[in-house]
Amino acid sequence: MKIVVQKFGGTSVATRDGREAAAKRVKEIAAEGYKVVVVVSAMGRKGDPYATDTLINMVKDIYPETSPRELDLLTSCGEIISTVVMVNTLKNLGLNSIGLTGGQAGIITDLHFTDAHILKVEPEHVLRHLNRGEVVVVAGFQGLAETGDITTLGRGGSDTTAAALGVALKAERVEIFTDVSGVKTADPRLVPEAKTLTHMTYEEIVQMAYEGAKVVHPRAVEIAMKGNVPLLVKNTFEEKSKGTLITHVSEITKAWPDMRKGRLITGVTHIENMAKVTVFVEENTPEKDLKMFELLASHGISLDMITVTPERKSFIVKDEVAEQARFLLQEADLDVEILPSCAKVTVVGTGMRGIPGVMANVVQALTRQNIEVLLSVDSHATISCLIHGDKLAAAVKALHKQFHLE
Ligand code: ADP
Ligand code: MG
């Protein structure tokens with residue numbers, strides 16, 4: 001049985017036009033002889049009646065202390081509503097179709113409410129319906145814990161549902177449909193001239209996704225990579241969209257022999273609304289450092305861009321937890337300074353490993369635009385700079401140009 005999983009994001013299923021376009025993509029692939037599993041997100045964004053954030057605000061405005069368990073029960077409704085609407089859209093187009101919740105589709109998770117991990121997928125129920133010739137629509141973003149509780153998978157969770165189902169069903173590929181033509185060299189909202197990448201490796205997209213390119217969730221990529229299922233990112237609204245094919249490097253070199261040489265830079269990504277935290281110390285005390293990091297971790301505050309010198313410890317946190325971090329550190333008698341509204345811009349390229357001069361180019365591009373670098377870190381495949389948030393668009397554009405990505 002040849003199976004394709006097609007995932008449609010919130011922007012695709014928000015409007016009737018979007019859902020009808022999505023249904024056409026399903027019909028096209030079914031006509032090629034594939035069995036189709038459709039995974040849907042909730043309809044639309046904050047403010048739309050059944051979007052995830054709307055549901056959360058509706059209850060939290062009145063009951064701010066709503067438990068994570070009940071929040072999951074609530075938000076899972078967004079995808080269930082979307083599933084029912086999509087089943088009907090498909091039926092209108094003459095496709096025999098049935099809807100399932102995440103739990104009914106066999107998505108079994110741990111009990112970490114609001115950010116659960118998939119433990120396993122029991123695909124028998126889905127397979128039975130596919131065998132009956134039905135298009136199976138699955139509510140994304142949700143699962144069922146072994147205790148019987150409904151859980152959700154965190155932001156971007158529908159991508160994860162699609163990848164996990166693709167692996168469990170041994171699908172030929174997982175298609176991620178969204179509102180852009182594929183993975184681009186930068187967020188098209190900041191750089192309209194960004195190019196769509198035709199091929200990329202799992203490694204490249206994982207790096208880009210962790211550094212802010214939210215077009216596919218990194219957890220979904222890791223699941224697809226482990227299960228060796230190709231991902232294809234496409235535009236719902238384009239009829240013959242080729243999109244971006246994401247596979248192992250060996251698969252790419254078949255289609256594109258030059259890839260063996262590797263590309264230096266794949267793209268420029270960014271993460272907004274971050275605060276820089278600096279803690280000043282008079283003497284070098286590793287035990288005190290450790291306590292500080294443990295204190296923040298025990299309150300669920302995650303840190304990034306950690307830089308430790310004898311005189312100061314710097315790192316970034318999300319703006320929304322900056323004041324909590326300040327409070328905790330001051331309570332611990334530490335001298336702390338916080339700079340909110342920063343942005344992290346990152347140049348990503350698995351080909352930059354061991355190539356000199358990339359950092360010099362990054363610095364040159366930013367200083368030419370009078371953009372101050374507040375902090376910088378690098379890894380084998382990334383160079384990241386923290387800048388003032390109001391310079392974000394200028395920084396991403398400058399880096400995109402500097403590395404000839406346009
Ligand atoms: P969906 O609702 O389909 O899941 P998302 O908003 O999660 O959509 O992801 C699509 C958006 O990701 C695009 O509209 C685009 O603005 C943004 N994006 C950020 N970085 C990139 C990138 N490098 N390539 C493509 N899109 C990107
Ligand atoms: Mg998404």
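Just so it is clear, none of the values below were taken in a lab; they were calculated from the coordinates. What you are looking at is a predicted structure, and each value in this text was computed from that prediction instead of being measured. Methodologically, a virtual Cβ is constructed for each residue, glycine included, from the backbone with ideal geometry; neighbour enumeration extends over all protein chains shown.
Computed values, structure above
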item: Net lengthening on full extension, residue 394/residue 32 (0.36 nm per residue, minus Cα-Cα); result: 125.9 nm
item: Neighbourhood charge, 15 Å Cβ-Cβ cut-off, centred on residue 331 and excluding it, Lys, Arg +1 and Asp, Glu -1; result: -1
item: Listed peptides 82-92, 326-336 by packing density, highest first (mean Cβ within 10 Å); result: 82-92, 326-336
item: Cβ-based net charge around residue 104, under 13 Å, with every Lys or Arg adding one and every Asp or Glu removing one; result: -2
item: Positive dipole terminus of segment 3-257, leading residue within 201, 140, 30 (C-beta point charges); result: 30
item: Distance (nanometres) between label positions extended 7 Å along Cα→Cβ at residue 179 and residue 341; result: 2.5
item: Average Cα contact separation per residue, segment 164-301, under 8 Å, 6 or more apart, as relative contact order %; result: 29
item: DSSP bridge pairs, the chain: antiparallel proportion in percent, nearest 5; result: 60
item: Residue list for segment 178-200, given a label point 7 angstrom along the Cα-to-Cβ vector of residue 24 and an amide N cut-off under 16 Å; result: 178-181
item: Rounded to the nearest 20 debye, dipole of segment 65-219 from Cβ charges on Lys, Arg, Asp, Glu; result: 480
item: Normalised contact order of the chain, rounded percent, pairs of Cα under 8 Å and 6 or more residues apart; result: 13
item: Which of 58, 71, 212, positive extreme of dipole for segment 3-257 (C-beta unit charges); result: 212
item: Ellipticity estimate at 222 nm from DSSP helix runs (n ≥ 4, -39,500 (n - 2.57)) divided over the chain, nearest 500; result: -11000 deg cm²/dmol
item: Ranked by how many other beta carbons lie within 10 Å on average, peptides 285-297, 110-122, 343-355 from highest; result: 343-355, 110-122, 285-297
item: For segment 267-402: relative contact order, % (alpha-carbon pairs under 8 angstrom, 6 or more apart); result: 31
item: Gyration tensor verdict on segment 303-406 (Cα atoms; rounded if a/c is under 1.5, prolate if a/b is larger than b/c, oblate otherwise); result: prolate
item: Whether the chain is rounded, prolate or oblate, judged on the alpha carbon gyration tensor where a/c under 1.5 counts as rounded; result: oblate
item: Cα-centre dipole for the chain with unit charges at Cβ (Lys and Arg positive, Asp and Glu negative), debye to 20; result: 1940
item: Dipole of the chain, positive end: most advanced residue of 362, 1, 129 [Cβ charges, Cα centre]; result: 1
item: Around residue 53: net Lys/Arg minus Asp/Glu count, Cβ-Cβ under 13 Å; result: +2
item: Most mobile of 248, 299, 380 in a GNM of the chain (Cα contacts under 10 Å); result: 299
item: Residue 404-residue 92 pseudo-label distance in nm [points 7 Å out on the Cα-to-Cβ vector]; result: 4.9
item: Difference of contour (0.36 nm per residue) and Cα-Cα distance, residue 45 to residue 239; result: 67.4 nm
item: Length released on extending from residue 361 to residue 60, taking residue separation times 0.36 nm less the Cα-Cα span; result: 103.7 nm
item: Cα-based Lys proximity count in segment 267-402, under 27 Å, for pairs eight or more positions apart or on separate chains; result: 22
item: Relative packing of peptides 176-185, 52-61, 17-26 - highest average C-beta neighbours within 10 Å first; result: 176-185, 17-26, 52-61
item: Approximate spin-label separation residue 124-residue 333, in nm, with each point projected 7 Å along Cα-to-Cβ; result: 6.1
